[in-house]
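Everything on this sheet refers to the single structure shown next.
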Amino acid sequence: MRESRASVSIELLCSIVIFGVVGIACVSASLQFSKHFFSLSPTRTLDSHIALLKIQNLLSDSINLTLSPTSVTFHLIDRQKLFGFGDKNFTNPRFSAQDSELLLPKVPLEILFTQGKTLHLASHLQAQSFVAGESLALLCLQQNAQGQVLAQANLAKITNASQDKLTLDSTPPQACKALLPLEQETMHLQYVDNKLFFNNELLLDSVQSFELKQVFLQDLSEFVVISFCRDSLCFEGGAFVNTNALVVEIP
């Protein structure tokens, strides 16, 4: 009788162990399946596409890129000032602005001439113009050996501003013809520890690889290739950047 009870106990113990092993295996398989399903979910894929589009748009409006394979630092053009609905009251009008629907910049853009550290502007706008302490980009012409003129962006900081003059913190080249308003925060995109950060905020996680590569095309324009892999899927895109992008032939 005791031997029979012992045999039943051993059988029950064996059954419990077997069911436990099977249960652990099932749970592990379920977790792996859930992880794989989550990694390939449409939401995660959409997040990756949105991040790629955001990077492309940012680089398209960038000025003064400092690029490495895993990071980039740049300034952004202030689109609101550049494409805003500006005042039509010009001091020195260079074109007709009679159309009330004409979209004009909110800041003066054309440089008549430079005098030391002072820019004399072709026009002035009353509202939302430049102020002391702001940074801007000067578009200055530079001739290369092939007889082409490149419009190169040079950063400068404003120390004093009036209606049609801007004084800078350094003497600009004489060949500066226009300026671009900039957002006042420097932008940073960085890949660290399988994570992609934009201005120290998490943009994407679980990024297995990330690379930025700058390509110089035959027309001397510059193109940045963006590629990264995430959750067994890879994404690639690119953007033309503004530095050295404008090429003008000398008449």
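None of the figures in this text is laboratory data; all of them are computed from the coordinates on show. This is a predicted model, so every value here is computed, not measured. Virtual Cβ from ideal backbone geometry, glycine too; neighbours counted across all protein chains shown.
Applying 0.36 nm per residue to the separation of F83 and Q163 and subtracting their alpha-carbon distance, the gain on full extension is 26.9 nm. Each Lys and Arg adds +1 at its Cβ and each Asp and Glu adds -1 at its Cβ; summed about the Cα centre, the range 154-237 shows a dipole of about 300 debye.
If the chain linking T171 and V192 were pulled fully straight, counting 0.36 nm for each residue of separation and taking away their Cα-Cα distance, it would gain 3.7 nm. Placing dummy labels 7 Å off each Cα toward the beta-carbon, the span from S232 to L155 is 4.3 nm.
Exceedance of the 30 Å cut-off in Cα-Cα distance is limited, within the set K54/K106; K54/K165; K106/K213, to K54/K165; K106/K213.
In this structure the amide hydrogen of D78, modeled in the peptide plane, comes within under 5 Å of the amide hydrogens of L182, E183, none closer than 5 places in sequence on its chain.
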